[in-house]
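No value in this document is a laboratory result; all are computed from the given coordinates. Quick caveat, the model's predicted, so the values are computed rather than measured. When we count neighbours, we look across all protein chains shown, and the Cβ atoms used for this are built from the backbone with ideal geometry, even at glycine.
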Amino acid sequence: MRVLDTTSFKLHSGDEAKFREEGYAILSHRWGASEITFKEIENHDEELKNGAPPLRPPLEKIRGACSSSVEEAESINSMFKWYCNAKLCIVYLQDVKKDDNIPTTDCKIFNQIGEDKPSEWFYRGWMLQETLAPSDMEFYDTNWAYFGTKTDLKNALERITGIPERYLTGLKDFRKAPIAAKMSWMAGRNTAKEEDIAYSMVGLFGLTMTIQYGEGYRAYLRLQEILLTSERMDESIFAWKMPNENAGNDYNGEVESWTPGDWGLLAPSPNWFKNSGNLIVKKSETRRFAKTGRGVEGPFVMHFLTSGISTAYYGGVGVGTLLGILPGIVAYICVRQTISKRINGDLAFRLSCYEKNDKGKLKPL
């Protein structure tokens with residue numbers, strides 16, 4: 001990564017720890033077609049220092065000078081740290097013009113110029129970590145008119161992003177939010193490369209991933225596989241719902257026998273978590289899972305087998321005691337056959353996830 005000294009206009013290379021003590025600001029914006037390159041900065045640093053009007057770059061371009069496309073791919077796993085430790089994150093909304101008649105609590109304050117919808121900045125996948133990681137954040141419009149801080153704008157930001165204000169303001173650590181909640185915050189967002197949907201979330205979970213552009217939605221599956229065995233794991237990772245029964249067709253399901261509505265345990269997109277943002281998870285009840293060559297393995301089948309075999313055994317003994325050995329054997333076989341049919345059919349697996357009912361009491365999902 002490179003940092004631009006705004007006094008000398010010199011670029012300095014190094015990792016985040018090198019610049020942390022002195023302090024640095026970081027810019028969050030939607031990339032345009034004419035970002036300033038390293039070469040343009042380096043070739044004109046003296047003119048920039050002396051304030052030559054034709055060459056002085058507007059502040060919104062500096063973020064583009066801080067990383068090339070190659071370096072960005074290499075630094076994905078550290079990007080969250082850069083935003084988290086920045087003294088200030090500046091959000092530049094190039095498609096928004098401030099209207100002083102709109103209160104800061106109204107989400108229309110962020111509407112695009114001439115449009116009745118929020119700035120395109122809000123639809124970016126990278127926006128999620130850029131919003132949650134920094135403790136201090138300021139918003140500016142296309143003319144650099146000041147909107148306010150993240151805390152000042154928390155009500156409007158919550159309505160637009162779906163992220164509860166307690167996480168936006170730091171009142172509650174967003175790292176402790178359930179997996180499904182974080183996935184729901186990503187729902188509906190876009191990235192230039194499909195894989196970046198997953199890569200832009202690694203910092204939110206405190207993880208790292210190898211970068212493999214070209215794998216498509218499998219990057220998102222791989223993120224979840226890493227979560228399964230991490231200390232961040234909770235069972236809300238399974239608490240998703242297909243948008244419609246044919247949604248799996250968009251992801252080229254590998255199992256030919258699957259019918260519409262069928263899918264595995266891991267969702268192929270955060271869009272499938274869209275309505276899972278309000279779940280409550282009891283971490284103490286989370287069981288251990290792992291991704292193996294046979295799929296996702298967990299304790300649910302073994303628990304069912306143990307209880308089922310016990311039922312068959314004690315049921316057979318009870319009948320045998322009362323009616324004799326032969327009826328007992330028949331009863332044991334019948335119960336085992338019933339259990340076998342259920343094992344080979346569908347099994348209901350209750351997650352350690354809950355929703356609040358109208359009375360505020362928790363009900364199992």
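Listed values, structure above:
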item	result
Theoretical gain in end-to-end length, D99 to E120 [0.36 nm per residue, Cα-Cα removed]	5.8 nm
Contour excess over end-to-end distance, with Cα ends at K108 and W144 and 0.36 nm allotted per residue	11.2 nm
Amide H contacts under 5 Å for L27, placed H, 5+ residues apart	I90
Listed residues I226, G248, S269: farthest to the positive end of the dipole of the range 177-294 (Cβ charges)	I226
The range 91-156: trypsin sites (Lys or Arg not before Pro) in DSSP coil with no more than 14 other Cβ atoms inside 10 Å	K97
Förster-model FRET efficiency, 41 Å R0, D15 and N155, C-beta, rounded to 0.05	0.65
Stretchable slack from K81 to N246, in nm (0.36 nm times residue separation minus alpha-carbon distance)	55.6 nm
